[in-house]
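Okay, so here's the structure we're looking at.
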Amino acid sequence: MIPPQDNFPAQLQRVISRFLAEGRAAGVEELGPIAYRLRELPPRPTLSLAQRLSIYQRDGWLCRYCGGETILTQVMALLGSLFPDLFRYHPNWKTGATHPAIISRSASVDHLYPGSLGGSWTEPDNLATACWLCNMRKADLTLEQLGWSILTAPETSQWDGLTGLSPRCGRLPGNRGENIERGLQPCVSLLAGPDGSNMDRGNRGA
Ligand SMILES: [Zn+2]
């Protein structure tokens, strides 16, 4: 892990030093180049389930930042319903009620160039599969600020986010499979596509 590639510690130290020595105007001058003023942002468009699944499929369910295997969150919910005492799943990921796998491996869609800085919220070229840890760490920073690079989406991936095996869990005798019906089944249907073929894996290499 590398530290962020910005110069904020030294820059902010100069702001405070000059403010103390010369007053507010000097602090303003020093802060000018890195000033961040209030930004009025339009409402953030949400991605549909189908859009998110298509990004995961395109990226082979691998995090485009660290290369780690991600797991569909609905599969985490399924595991929580199958093993409620051993695999804690809380819909809001409440601390103390959430298995660490959910935090480290849940698949998420991240915006390569942050939407808050003007990047597209929905254009596939600006979207990337990210494990939740990388997504949290990246936040609203640019790849340049973090010193990160984006991994190329694999041509083929043996990993499917555990979407292939999990649906069978709900069909086992004695298992009500509530979460299959509620959360996972819509994903499985979308992944299967209207004719049963696998979802299009186009937009490769974005
Ligand atoms: Zn990652």
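The values are calculated or read from the model by the stated rules, or taken from the named source; none is laboratory data. From a predicted model like this one, the values you see are computed outputs, not experimental measurements. Methodologically, a virtual Cβ is constructed for each residue, glycine included, from the backbone with ideal geometry; neighbour enumeration extends over all protein chains shown.
For segment 1-48, a tally of residues being exposed (fewer than 11 other Cβ atoms within 10 Å of the Cβ) and in contact with a strand residue (DSSP E or B) (Cβ under 8 Å, 6 or more places away or on another chain) returns 0. Going through (1) within 16 Å of T163 (Cβ to Cβ); (2) more than 16 Å from the ligand (Cβ to nearest atom) one by one, Y56 falls short only on (2). Can you give me the number of residues within segment 174-206 that are surrounded by fewer than 11 Cβ atoms within 10 Å (Cβ to Cβ) and modelled with pLDDT of 70 or more? Count: 1. Going by the conditions given, is R105 within 14 Å of the ligand (Cβ to nearest atom) and crowded, with 16+ Cβ neighbours inside 10 Å? Against the criterion (within 14 Å of the ligand (Cβ to nearest atom) and crowded, with 16+ Cβ neighbours inside 10 Å), R105 qualifies.
Can you spot a residue in segment 127-144 that is more than 16 Å from the chain's Cα centre (by Cα), in contact (Cβ under 8 Å) with a residue 40 or more places away in the chain, in the same structural domain as F87 (by TED's automatic domain parsing) and over 18 Å from G60 (Cα atoms)? Checked against the condition, which is being more than 16 Å from the chain's Cα centre (by Cα), in contact (Cβ under 8 Å) with a residue 40 or more places away in the chain, in the same structural domain as F87 (by TED's automatic domain parsing) and over 18 Å from G60 (Cα atoms), segment 127-144 yields at least one hit.
Pairing residues of segment 86-113 that are farther than 16 Å from C66 by Cα with residues that are among the small types (G, A, S) and part of a loop (DSSP other than H, G, I, E, B), at Cβ distances under 6 Å and at least 6 apart in sequence or on separate chains, gives R88/A97; H90/A97; Y113/G119. Checked against the criterion of being surrounded by 10 or more Cβ atoms within 10 Å (Cβ to Cβ), touching a Gly at 6+ places or on another chain (Cβ under 6 Å) and in the same structural domain as L162 (by TED's automatic domain parsing), the candidates L62, L53, L72, L78 yield just one match: L72.
The set of residues in segment 108-124 that are away from the ligand (no atom under 15 Å from the Cβ) and among the acidic types (D, E) contains only E123.
If only residues of segment 125-141 that are surrounded by fewer than 16 Cβ atoms within 10 Å (Cβ to Cβ) and more than 16 Å from the ligand (Cβ to nearest atom) are counted, the one that is nearest to I2 (Cα to Cα) is D140. Sort out which residues of segment 48-85 are hydrophobic (A, V, I, L, M, F, W, C), modelled with pLDDT of 95 or more, out of contact with any helix residue (DSSP H, G or I) (no Cβ under 8 Å at 6 or more places or on another chain) and in a loop (DSSP other than H, G, I, E, B), and write them in order of number. Across segment 48-85, the qualifying residue is only W61. Among the residues of segment 1-41, what is the count of those that are among the hydroxyl-bearing types (S, T, Y) and in a helix (DSSP H, G or I)? Residues that pass the stated criteria total 1.
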